[in-house]
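Note sheet for the following structure.
The values are calculated or read from the model by the stated rules, or taken from the named source; none is laboratory data. Remember, predicted model here, so these are calculated numbers, not experimental data. In this analysis, Cβ positions are derived from the backbone assuming ideal geometry, glycine residues included, and neighbour counts consider all displayed protein chains. Protein only, heavy atoms only, side chains kept; ligands, DNA and RNA dropped before computing areas. Shrake-Rupley method; radii C 1.70, N 1.55, O 1.52, S 1.80 Å.
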Amino acid sequence: MAIRRSGALSRNITIGWRSSYQEPLLWAADAVVGATTWWLDGRAACFDLLHEKVSVIDLD
């Protein structure tokens with residue numbers, strides 16, 4: 001609501017909450033990010049399952 005009051009979000013845009021059970025793409029993205037973060041921390045087991053589907057771009 002604060003975003004609407006600030007004028008940064010049009011009143012014509014609707015926002016809703018959906019359970020992860022109703023929208024599996026929500027948890028899928030979290031799983032990929034979590035596996036990638038663990039890989040960066042040296043725990044590659046989960047990332048190894050995804051590495052052929054994930055592109056890592058180093059902006060260092």
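For the reader, a short list of remarks on this structure follows.
- Wholly enclosed helices (runs of 4 or more DSSP H) of the stretch 1-55 bearing at least 1 residues of a type in the set (Lys, Arg): 2-6
- The requirement of being open to solvent by 90 Å² or more (accessible area, probe 1.4 Å), among the hydrophobic types (A, V, I, L, M, F, W, C) and in contact with a Ser or Thr (Cβ under 6 Å, 6 or more places away or on another chain) is satisfied by residue 27.
- Residue in the stretch 44-60 that is farthest from the chain's Cα centre (by Cα), counting only those that are of a type outside the set (A, V, I, L, M, F, W, C) and surrounded by fewer than 12 Cβ atoms within 10 Å (Cβ to Cβ): 60
- Within the stretch 14-24, the set of residues being open to solvent by less than 100 Å² (accessible area, probe 1.4 Å), under 25 Å from residue 54 (Cβ atoms) and either among the charged types (D, E, K, R) or at pLDDT 75 or above (or both) comprises 23, 24.
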